[in-house]
Amino acid sequence: MIDELNIQEKDAVLDIKNLSVAYSKGKYAVTNVSAQVKRNKVTAIMGPSGCGKSTILRAINKMHDLYPNIETEGQVFLNGVDTSSMSTIMLRRKIGMVFQRPNPFPTMSISDNVIAGYKLNGIKLKKFEREEIVKKSLQDVTLWEEVKDSLNKKGTFLSGGQQQRLCIARALAFQPDVILLDEPTSALDPVATKKIEELLIALKEHYTILLVTHNMSQAARISDYSMFMYLGELVEYGKSKEMFINPKDKRTDEYLTGKFS
């Protein structure tokens, strides 16, 4: 039982209870994971390839519901509400998702990319509302000054790092409670990566961030808490500084020190 955090309910925006995910019957990618994700913090999920990191994010955001052969067990609570009782549309307004590779909608302008969620959900905005949401979302990701004179250009006009910040702005447009990021810097150069990391540190003032990363140095630099996954199980979960200095499980220590086989 992983109990070192002792996070109080009022501090946990996400409460994951006994989460298991099987991509085929009896073959679990994630097994019995329980964790409380602290509000307004960056929590990193680390572990070797295939250990279930991305599967957890997809389960939280109900992406597995698109595939009837995937079995999901357990519960996820958002601010104390069981997400199984929420519509997928409402859940994804409250929990935004950003993927590994920048994926702005190629036929949409920069402006329309930001408010794509509103368009896809049939939510009509007045012109001033649209302009306000676009400006604030782009300001939140420090992209406004770079693109304010190019809002009608396609999102694909931007550099890779700018495109990823645009995708984060798209996730922020609904002002979600949580942002899920699946290795958001793995396709970026070091300069763009640094900008994204600085952005995530700033965003946690207003959002809770759950970040999947293969980059242990990145987790050490920007996360407040870390989870270490292995073979679908949550091995260790604690404050990042403590975990990197004094991991409690031998497998965590071997992974962090490069001795992992």
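Since every read-out is calculated from the coordinates, none of them should be taken as a lab result. Treat the numbers as computed from the prediction; the structure is a model and nothing was measured. All Cβ positions, glycine included, derive from the backbone under ideal geometry; neighbour counts span all protein chains shown.
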Cα-based helix-to-principal-axis angle, 127-140 vs the chain, degrees rounded to 10: 50
Karplus (6.51, -1.76, 1.60) ³J(HN,Hα), θ = phi - 60°, over the range 247-253, in Hz, Gly and Pro reported as x: x, 8, 10, 4, 5, 5, 4
Reachable aspartates and glutamates, given that their alpha-carbon falls under 17 Å from the alpha-carbon of K148 and they are not under 8 places away in the same chain: D112, E129, E131, E132, D140
For the range 157-167, 3J(HN,Hα) per residue [Karplus equation, 6.51 cos²θ - 1.76 cosθ + 1.60, θ = phi - 60°, Hz, x = Gly/Pro]: 5, 7, 5, x, x, 5, 4, 5, 5, 5, 5
Interchain or long-range residues, amide H under 5 Å from A12's placed H: R39
The range 1-111: relative contact order as a whole-number percent, Cα under 8 Å and 6+ apart: 28
Percentage relative contact order, the range 137-237, counting C-alpha pairs under 8 Å, at least six apart: 24
Rounded to whole Hz, the Karplus (6.51, -1.76, 1.60) HN-Hα couplings of the range 70-85, x for glycine and proline: 8, 9, 10, 10, x, 9, 10, 10, 10, 6, x, 9, 5, 5, 5, 8
Mean separation of Cα contacts under 8 Å, 6 or more apart, over the residue count of the range 187-238: relative contact order %: 22
Rotationally averaged projected area of the range 23-142 (alpha carbon convex hull; nm²): 9.8
Distant-in-sequence amide H partners of S223 (H built 1.01 Å from N, under 5 Å): none
Gain upon complete extension [A187, D11; 0.36 nm per residue less C-alpha separation]: 60.1 nm
Residues of type aspartates and glutamates that K126 reaches as a straight line, Cα spacing below 13 Å, ignoring anything fewer than 8 places off in the same chain: none
Cα gyration tensor category, rounded, prolate or oblate, for the range 211-252 with a/c compared to 1.5: oblate
Helix 190-203 vs. the chain, principal-axis angle (Cα, 0 to 90°, nearest 10): 90
Residue-averaged [θ]222 nm for the chain, counting only DSSP H segments that reach four residues, each worth -39500 (n - 2.57): -9500 deg cm²/dmol
Dipole magnitude (debye, nearest 20) for the chain, charges at Cβ of Lys, Arg, Asp, Glu: 720
Cleavage-rule hits, trypsin sites (Lys or Arg not before Pro), the range 186-261, DSSP coil, Cβ neighbours within 10 Å at most 10: K259
